[in-house]
């Protein structure tokens, strides 16, 4: 398995240790089975297209994963992404609700690269996987899946689903 490490020290008063986002080329064996089923569903839903549209990914079809999904929408001609909806399970894991804020706001607070990753995903149309500790508590290990989405059939990739699950193997340790 190939991985890249993204590390950035940022403003010591806000962040005591650097954020470490380890990019993988596939979901790790330690990831929640729910991530595997969501990734398969996303791929199957795309059909003949490389990226599914929201008409196929609605609250009913995404029900098994809803609390673990945050919906980011491109703003400023795709330079940044606003969080339209923060999943309730993500809020429970992180202790923060970023609804209405931007990916760049999260990056500025935690020294991470979410906006960069989302721009890359919008360009490549390919999902992205990271493993890391939760920014807010640096204790829990999570797997983060970023999925490109089109808000309308045939349109540009203008949304990204950010999906977080606690790594079940780490949680049991």
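Bear in mind these aren't lab numbers, they're just calculated from the coordinates by the rules spelled out. All values reported here derive from a predicted model rather than from experimental measurement. Because the Cβ atoms are built from the backbone with ideal geometry, glycine has one as well, and the counts that use them run over all protein chains shown.
Taking the 0 to 90 degree range and rounding to the nearest ten, how far is the long axis of helix 114-124 tilted relative to the main principal axis of the chain, both from C-alpha atoms?
Between helix and principal axis, roughly 30 degrees.
Treat the count of other C-beta atoms within 10 Å as a stand-in for reagent exposure and order 88, 45 from fewest to most. Kindly include the intermediate steps, with their values, before the conclusion.
Working: 88 13, 45 17.
With the fewest neighbours first, 88, 45 line up as 88, 45.
Based on other C-beta atoms within 10 Å, arrange 113, 125 from fewest to most. Display every interim value, and only then the final one.
Working: 113 20, 125 14.
Listing 113, 125 from fewest to most nearby Cβ atoms yields 125, 113.
For labels at residue 37 and residue 125 in the simple 7 Å Cα→Cβ model, what's the distance in nm?
2.8
Assuming 1.567 mPa s and 4 °C, estimate D for segment 54-117 with Stokes-Einstein, Rh taken as the Kirkwood radius over Cα pairs, in µm²/s.
Numbers: Rh = 12.5 Å.
Diffusion coefficient, whole number: 104 µm²/s.
Express the relative contact order of segment 20-172 as a whole percentage, based on alpha carbon pairs under 8 Å and six or more residues apart in sequence.
Working: 289 pairs, mean separation 45.4, N = 153.
Relative contact order of segment 20-172: 30 percent.
In which sequence would 96, 86 go, from the one with the fewest C-beta neighbours within 10 Å to the one with the most? List each step's numbers first, then the result.
On the way: 96 14, 86 21.
Least to most surrounded, the residues fall as 96, 86.
With a Förster radius of 25 Å, plug the Cβ-Cβ distance of residue 73 and residue 169 into 1/(1 + (r/R0)^6) and report the FRET value to the nearest 0.05. List each step's numbers first, then the result.
Values: r = 33 Å, r/R0 = 1.31.
Efficiency at R0 = 25 Å is approximately 0.15.
Among 70, 37, 89, which one shows the biggest mean-square fluctuation in a GNM of the chain, springs joining Cα atoms closer than 10 Å?
In this elastic network of the chain, the residue with the biggest mean-square fluctuation among 70, 37, 89 is 37.
For the chain, set up a GNM with springs between Cα atoms under 10 Å and report which of 73, 140, 55 has the largest fluctuation.
The residue that fluctuates most here is 55.
Between residue 137 and residue 99, what is 0.36 nm times their sequence separation minus the Cα-Cα distance? Round to one decimal in nm.
Values: separation 38, 0.36 × 38 = 13.68 nm, distance 1.95 nm.
Additional length available on full extension: 11.7 nm.
Return the inverse of the average 1/r over all pairs of distinct C-alpha atoms in the chain, which is the Kirkwood hydrodynamic radius, in Å to one decimal.
16.2
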